[in-house]
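**Q** Starting off with a structure, shown below.
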Amino acid sequence: MSGTTRHTEPIDVHLIAVREGETGPEVLLSRRAGTVYAAGCWHLPSGHLDGPYEDVAVALVRETREETGVRVDPDDVHAAVTVHHRAPGGSARVGFFFEVRRWNGTPKIMEPEVCDAMEWFPFDALPEPMVAYCRAGLDAYLAGARMAVHFQEPGDPIAYDPKADRLRLVRAAGSGGPLPGPAVEAFAERAVGRIAERIHAGPPPPVPGGPSVDTTSTTSTAQSWSDHYASGRDIKPLSDAETVIVRERLVPPVGREEPRALDVCCGTGELAGLLADLGYRVDGVDHAQGAIDRASAETGRPPVTYHCVDVTSGDLGPLAPADGFDLITIRRSLAHLGDRTRIVAELAGLLRPDGTLCVITPHADRFPQSLRASAWTIPRSPCSPTAGSTRNVSRRRTAPSCCCADPAPGRPRIRRSCGRRRRRWPVSRSS
């Protein structure tokens, strides 16, 4: 301690109330009003400790009841992330963010003098303006971080502005390896941007020729797709343009003894087989057992190891080699997955430092014919590929790179991926 006075900082508690919405998880937000700090901005229900007799979990229960009218059992309060925040004016505080998924009652405005709106929002369609401190806590939570620092500079806006984003994730003990750098964030943002812009207009569009499924249920979706494949049907086969791109742009690294590739949402294994033909040792994953059975039974293709696992809830980490995959592909599937930004960032975390993530999607720019089955490579250095052209694909292997659509202005921001411990999920394997 320097000086004679001990430094102290206030403690905040923040409620991350989560429910399942029509298109995925939603979070409860309230809009500040009146003479309070950041009036007009959206924020999580939050507050301060009443005194030294109150712990942070008890304070969260109390603040939730006072601001939203719902009652939360203390046993349903789960630690999410802790954020050390400094406001543009220089004052600092520590915020404890808690996740709650069970409560009694219906949230409603209880303090109209300081709150004029309360609504549910999808995590990938958060409203504006939002208090930057609140946004930092949500971004850290969505990244799976345990702790984050958000020190704003003098002159920074109170409301979240991506150009003045000061969030820094603190790596957890035992997480190993550095956090993904700006290149991973930038590439994931590009991969998801246009897709999310399209999908946010409504529920995920059906795959041409695919089954009609209940998108709110992962189990029913997996079963519907499994029945679809088991009946002998498939999705759109690889086009000539896709095949050319894969053969020209996704060749194995020169000198690598056993290059590894992962094909996510592999279906019946057409792309996985093409990658194996190029010389990769390939793992294919899909959540539909019918697809895995079909792919495993295919003859006349190079060998591929298939696994039945749901990429939206299962961890692919156990499949990754110690130094990561050289290539990860996901074709015609990303737009139909929930929480796409998290999935893309987590896939990027399974790559080698010089690895490639290839995203091929027909939803790159609201379905114009010129963009179907096309792709772009986004290298580590900034670039601006021309939409609808494959002539601008980089021929230089960079670290990391991906094939994806160029993003649109105003796209949802990528949630950071942090080096947290990998969960171990059961994986069903077949060769």
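**Q** Among the residues of region 78-95, write down those that are out of contact with any Lys or Arg (no Cβ under 6 Å at 6 or more places or on another chain) and surrounded by fewer than 22 Cβ atoms within 10 Å (Cβ to Cβ).
**A** His78, Ala79, Thr82, His84, Arg86, Ala87, Pro88, Gly89, Gly90, Ser91, Arg93, Val94, listed by residue number.
**Q** Please find, among Arg256, Arg247, Arg233, the residue that is at pLDDT 70 or above and within 16 Å of Ile328 (Cβ to Cβ). If you could, list the steps in order and put the result at the bottom.
**A** Numbers: Arg247 fails: within 16 Å of Ile328 (Cβ to Cβ); Arg233 fails: within 16 Å of Ile328 (Cβ to Cβ).
Sole residue among the options that is at pLDDT 70 or above and within 16 Å of Ile328 (Cβ to Cβ): Arg256.
**Q** Now for a separate question. Determine if region 69-79 includes at least one residue that is free of Cβ contacts under 8 Å to residues at least 24 places away in the same chain, touching a helix residue (DSSP H, G or I) at 6+ places or on another chain (Cβ under 6 Å) and among the hydrophobic types (A, V, I, L, M, F, W, C).
**A** Looking for residues that are free of Cβ contacts under 8 Å to residues at least 24 places away in the same chain, touching a helix residue (DSSP H, G or I) at 6+ places or on another chain (Cβ under 6 Å) and among the hydrophobic types (A, V, I, L, M, F, W, C), one finds at least one in region 69-79, hence yes.
**Q** Please report, ordered by residue number, the strands (runs of 3 or more DSSP E) entirely within region 1-97 with at least 1 residues that are under 18 Å from Arg146 (Cα atoms) and in the same structural domain as Pro122 (by TED's automatic domain parsing). Show your work before the answer.
**A** On the way: elements: 11-20, 25-32, 46-48, 78-86.
Because the criterion is at least 1 residues that are under 18 Å from Arg146 (Cα atoms) and in the same structural domain as Pro122 (by TED's automatic domain parsing), the strands (runs of 3 or more DSSP E) in region 1-97 that meet it are 11-20, 78-86.
**Q** Okay, next question. Look through Leu319, Leu275, Leu327 and report the one residue that is in the same structural domain as Pro353 (by TED's automatic domain parsing), touching a Pro at 6+ places or on another chain (Cβ under 9 Å), touching a residue at least 60 places away in the same chain (Cβ under 8 Å) and of a type outside the set (D, E, K, R). Spell out how you get there, then give the answer.
**A** Details: Leu319 fails: touching a Pro at 6+ places or on another chain (Cβ under 9 Å); Leu275 fails: touching a residue at least 60 places away in the same chain (Cβ under 8 Å).
Answer to the check: Leu327.
**Q** Report, by residue number, each residue of region 310-330 that is surrounded by 23 or more Cβ atoms within 10 Å (Cβ to Cβ) and either touching a His at 6+ places or on another chain (Cβ under 8 Å) or part of a loop (DSSP other than H, G, I, E, B) (or both).
**A** Leu316
**Q** Looking only at region 109-118, decide whether some residue is more than 19 Å from Ala159 (Cα to Cα) and buried (at least 18 other Cβ atoms within 10 Å of the Cβ).
**A** The initial filter retains those residues of region 109-118 that are more than 19 Å from Ala159 (Cα to Cα), namely 109-113.
Keeping just the survivors that are buried (at least 18 other Cβ atoms within 10 Å of the Cβ) gives none.
There is no residue in region 109-118 that is more than 19 Å from Ala159 (Cα to Cα) and buried (at least 18 other Cβ atoms within 10 Å of the Cβ).
**Q** While we're looking at this one, here's another question. Within region 30-40, how many residues are more than 19 Å from Thr106 (Cα to Cα) and modelled with pLDDT of 95 or more?
**A** Matching residues across region 30-40 total 0.
**Q** Run down Ala125, Ala117 and say which single residue is among the small types (Gly, Ala, Ser), in contact with a His (Cβ under 9 Å, 6 or more places away or on another chain) and either over 25 Å from Met147 (Cβ atoms) or in a loop (DSSP other than H, G, I, E, B) (or both).
**A** Values: Ala117 fails: in contact with a His (Cβ under 9 Å, 6 or more places away or on another chain).
None of the others qualify; the one that does is Ala125.
**Q** Just to be sure, is Glu9 exposed (fewer than 13 other Cβ atoms within 10 Å of the Cβ), under 24 Å from Ala140 (Cβ atoms) and either without any contact (Cβ under 8 Å) to a residue 60 or more places away in the chain or of a type outside the set (Gly, Ala, Ser) (or both)?
**A** yes
**Q** Here is a further query. Going through Thr341, Thr386, Thr377, Thr356 one at a time, which residue ends up being closer than 22 Å to Val282 by Cα and modelled with pLDDT under 85? Please lay out each step first, then the result.
**A** Numbers: Thr341 fails: closer than 22 Å to Val282 by Cα; Thr386 fails: closer than 22 Å to Val282 by Cα; Thr356 fails: modelled with pLDDT under 85.
Within the list Thr341, Thr386, Thr377, Thr356, the selection yields Thr377.
**Q** Turning to a different aspect of this structure: Quick one: Thr305 ticks every box in (1) in contact with a strand residue (DSSP E or B) (Cβ under 8 Å, 6 or more places away or on another chain); (2) β-branched (Val, Ile, Thr); (3) surrounded by 22 or more Cβ atoms within 10 Å (Cβ to Cβ) except a single one, so which number is it?
**A** Single failed check for Thr305: (3).
**Q** Checking the conditions here, which among Asp277, Asp263 is at pLDDT 90 or above and either loosely packed, with under 15 Cβ neighbours inside 10 Å or part of a helix (DSSP H, G or I) (or both)? Don't jump to the end; show me each part of the working.
**A** Numbers: Asp263 fails: either loosely packed, with under 15 Cβ neighbours inside 10 Å or part of a helix (DSSP H, G or I) (or both).
Only one candidate passes the filter, namely Asp277.
**Q** Check whether at least one residue in region 247-254 is part of a helix (DSSP H, G or I), among the aliphatic types (A, V, I, L, M), in the same structural domain as Ile330 (by TED's automatic domain parsing) and surrounded by 20 or more Cβ atoms within 10 Å (Cβ to Cβ), and report yes or no. I'd like the intermediate steps shown before the answer.
**A** Here is the first cut: in region 247-254, the residues part of a helix (DSSP H, G or I) are 247-249.
Keeping just the survivors that are among the aliphatic types (A, V, I, L, M) gives none.
No, because not a single residue in region 247-254 is part of a helix (DSSP H, G or I), among the aliphatic types (A, V, I, L, M), in the same structural domain as Ile330 (by TED's automatic domain parsing) and surrounded by 20 or more Cβ atoms within 10 Å (Cβ to Cβ).
**Q** Could you list, in sequence order, the residues of region 12-36 that are hydroxyl-bearing (Ser, Thr, Tyr) and surrounded by fewer than 16 Cβ atoms within 10 Å (Cβ to Cβ)?
**A** Within region 12-36, the subset hydroxyl-bearing (Ser, Thr, Tyr) is 23, 30, 35.
Within region 12-36, Thr35 is the sole residue that qualifies.
The values are calculated or read from the model by the stated rules, or taken from the named source; none is laboratory data. Quick caveat, the model's predicted, so the values are computed rather than measured. In this analysis, Cβ positions are derived from the backbone assuming ideal geometry, glycine residues included, and neighbour counts consider all displayed protein chains.
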